[in-house]
Amino acid sequence: MGMPTKTILLTFDVEEFDTPLLHNIPIPMSEQMRISQEGLLNICALLKRLGQPVCTFYTTANYALHFPETIIDLSKQHEIASHTYYHSTFKPSDIHDSKICLEGIIGKEIAGFRMPNMAAFDKRLIHQAGYQYDSSINPTWLPGKYNYLKYPLHPFSYFDTMEIPVSVVPYLRFPLFWLSFKNLPLWLYIQLCNFTLARTGCLHLYFHPWEFADLSMFRIPGFIRNPDGIQLVNKLEKFIRYYQARSDVKFERTFDYIKPFILTN
């Protein structure tokens, strides 16, 4: 059996559960944090059960300040990266300040950054803040959100920083993000992932911990809410186990994967 030739980057945007606010449903910060922590602990239990396949957790500084022990514990095995300071609000200094805050909590360098909602921002701030890479581009078109069709599917240098786009299906540019995983039948989602992995050599996916909590009490759209909690945990477990059984695939932290690209640019 040969060495693995393909890579899976499992990433999670660890953030306040502010989705109800986007649908005019009030939710206090304490409840936002409770829901996200419930989901994150479900993910932690799943990863432990699966032998700790390594992941990257893009974490808001606000979340890390509320649950420092959880983030420190995750940092022992996985990569912690920045998801700015707060999820609902943003100012340019948050890019730098979140890095400093997270480094103070885990005692390690924060190399990566992802902007909430993949929103547009001044990319020059990434290099200025001292990050090694950015992962804020989903190279597809989401009406009303963003149009990143002009960007490549593979890592590339952008404003003196390496950019690593999340995965879309080649040619179609169909996104393989959290909503696709949630709403497509698992067999179909895996087929799309296999097609992408065969042509790009890397599968770069992202989810949110709050998805893996019980969301039944929130009147948010069904395509966002369902499935949730343990049902979604079980779906992710089947997905991960499928790729763990393949000898040609390995799971990596994002910074470990992107290092060779940084060194050659």
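All of the numbers you see were taken from the coordinates with simple rules; none came from a lab. None of these values were measured; they are calculated from a predicted model. Cβ: placed from backbone, ideal geometry, glycine included. Neighbour counts: every protein chain shown.
Could we say that residue 56 is farther than 15 Å from residue 17 by Cβ and β-branched (Val, Ile, Thr) here? Yes; evaluated as a whole, the condition is true for this residue. Elements of the type helices (runs of 4 or more DSSP H) sitting completely within the range 132-233 and holding at least 3 residues that are in contact (Cβ under 8 Å) with a residue 40 or more places away in the chain and within 16 Å of the chain's Cα centre (by Cα): these cover 178-183. Just to be sure before I move on: is residue 95 in contact (Cβ under 8 Å) with a residue 60 or more places away in the chain, among the β-branched types (Val, Ile, Thr) and either touching a Leu at 6+ places or on another chain (Cβ under 6 Å) or surrounded by 15 or more Cβ atoms within 10 Å (Cβ to Cβ) (or both) in the structure I sent? In short, no. For the range 234-253, the tally of residues that are touching a residue at least 24 places away in the same chain (Cβ under 8 Å) and either under 19 Å from residue 41 (Cα atoms) or part of a helix (DSSP H, G or I) (or both) stands at 10. Of everything listed in (1) of a type outside the set (Gly, Ala, Ser); (2) closer than 29 Å to residue 133 by Cβ; (3) crowded, with 18+ Cβ neighbours inside 10 Å, the single unmet condition for residue 241 is (3).
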